[in-house]
1. Give me the net charge of PRO96's neighbourhood, meaning all other residues with Cβ under 11 Å from the Cβ of PRO96; Lys, Arg count +1, Asp, Glu -1.
2. Suppose accessible area is computed on protein heavy atoms with a 1.4 Å probe; arrange HIS47, HIS69 from highest to lowest.
3. Using amide H atoms built 1.01 Å from N in the peptide plane, name the residues 5+ places from GLU136, or on other chains, whose amide H lies under 5 Å from its own.
4. Of ALA63, GLN145, CYS160, which is farthest towards the positive pole of region 34-168's charge dipole, taken about the Cα centre with +1 and -1 on the beta-carbons of Lys, Arg and Asp, Glu respectively?
5. THR149 accessible area, nearest 10 Å², 1.4 Å probe?
6. Only four residue types carry charge here, +1 at the Cβ of Lys and Arg and -1 at the Cβ of Asp and Glu. Report the dipole size of region 35-82 about the Cα centre in Debye, rounded to the nearest 20.
7. How compact and how long is region 79-169, expressed as Rg and Dmax of its alpha-carbon atoms in Å?
8. Where Lys and Arg each count +1 and Asp and Glu each count -1, what net charge lies around PRO165 among other residues with Cβ under 15 Å from its Cβ?
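The values are calculated or read from the model by the stated rules, or taken from the named source; none is laboratory data. Bear in mind that the values here come from a model prediction, so they are computed numbers and not experimental data. Note that each Cβ is placed from the backbone with ideal geometry, even for glycine, and that neighbours are counted across all protein chains shown. Each accessible area value is taken on the protein alone, full model and side chains, heavy atoms only, with ligands, DNA and RNA left out. Shrake-Rupley method; radii C 1.70, N 1.55, O 1.52, S 1.80 Å.
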Amino acid sequence: MKEIFLLAALVSVLRADEITRLVGEINGFHEQVKFGTLCKGNPTNKHRKCDSFGCGNYGARRAGGTRKHMGLDIVCTDGDTVLAPFDVKINGPASPYKKGVKPAINNGLNLSGQGLCFKLFYVKPVKTSGTMKKGEKLGTMLPMQKVYTGITSHVHVQMCDKSDPTKYF
Ligand SMILES: *[C@@H]1O[C@H](CO)[C@@H](O)[C@H](O)[C@H]1NC(C)=O
């Protein structure tokens, strides 16, 4: 009899544990962070596909296959307004290239929000510290066509830990 009670207790503990895990997963699914509009002219955050310079997806080949694309490219026309995708803290400026290389587009921001740390490249910032509310102007898309004529102009989104940002879009 005692064994049956013990077994029943064990089963209910396992079930509670399982339920807790499932509820966590369901909540996690519902709480998946999603980026709001990044570039005013691209309200649905369309990704850059492939063009003559390369593809916009995370992991795409770069430099003839010697390195990989560590971000996701979001289509944005040169001069367009870049918006805060959610409430953010501005950690500071970010530069896509080493000093002196391609100065026309060598600017960006390091941001935090929704538990994520990420960088936006090819953006001229309005400011490089403080905070911004979702939908406020973070900056302006730099003149990418001047540097890469014919490319699909884009904002490059890169997580600070270089993980894949695709699930957030
Ligand atoms: C971006 O800002 C965060 C928070 O200040 C910092 O930890 C991180 O090192 C910065 N830069 C990069 C490249 O991740």
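1. Details: positive: LYS98, LYS102, LYS119; negative: none.
With Lys, Arg at +1 and Asp, Glu at -1, the neighbours total +3.
2. Numbers: HIS47 75, HIS69 10 Å².
Reading off the accessible areas and sorting them downward yields HIS47, HIS69.
3. ALA84
4. My answer, from the dipole projection, is ALA63.
5. 110 Å²
6. Numbers: 8 positive and 4 negative charges, 54 e Å.
The calculation lands at about 260 debye.
7. 12.7, 36
8. Details: positive: LYS34, LYS46, ARG48, LYS68, LYS119, LYS162, LYS167; negative: ASP73, ASP161, ASP164.
Taking every other residue near PRO165 into account, the sum is +4.
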